[in-house]
Amino acid sequence: MATLTFEVFSRFQAAADANKLLYTPIADKLTYNHTRFYTVECDGDVESAREYMRRVLVDPISQRVEESGQPALTGELFCISYGIKKGALDLEKEAIMTNYAGRKGLPFSLRTLTITQNLYIFGEGDRAALAERFCKDVCNPAIHTWSVR
């Protein structure tokens, strides 16, 4: 079994005011950028699986993709990675897997797909306190799992 990763982000998205993510604004001058991180486990022809996933996940005109597993963006104060809990409805994942199931004769099998949102927060401040505040306002413990790096 092989594992493929795809971190997809806009070619044209500039960092925006991070207060847009919070219920109440903070004084710290922080900005953010976001990406979507896909982890795929597959069997069979890995290069065909990679090409298929790139066609499904990435608009080559407006988006870029990082496939090395290294963060797509750098210089952040912290990054929150969050995704839908197992058992909760993930419409994007369902759409991708339905598309895959509708294809016949592919030389690979998709075993699992995990989708994570990455919020890169840029600026200066108390990293731990700010990360806690952003997690509280962005992540819903009823449906999300998350980690901070």
Less than 21 Å apart at the alpha-carbon level, and either on another chain or at least 8 residues along: which lysines does that give for LYS85?
LYS93, LYS136
Report the relative contact order of the chain, percent, no decimals, based on alpha-carbon pairs under 8 angstrom and at least 6 residues apart.
36
So for each of 67-75, 112-120 I average, over its residues, the number of other beta carbons within 10 Å; can you give me the resulting order with the highest mean first?
112-120, 67-75
What number comes out for accessible area per residue over the chain if the probe is 1.4 Å? Units Å², please.
58
For the chain, give the percent of accessible area contributed by carbon and sulfur heavy atoms, probe 1.4 Å, rounded to a whole number.
52
Mean separation of Cα pairs under 8 Å and 6+ residues apart, divided by the residue count of segment 1-83: what relative contact order is that in percent?
44
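The values are calculated or read from the model by the stated rules, or taken from the named source; none is laboratory data. What you see is a predicted model, and the numbers here were worked out from it, not measured in a lab. Neighbour counts run over all protein chains shown; Cβ positions are idealised from the backbone, glycine included. To get the accessible areas, we keep the full protein, side chains included, count just its heavy atoms, and leave off ligands, DNA and RNA. Shrake-Rupley method; radii C 1.70, N 1.55, O 1.52, S 1.80 Å.
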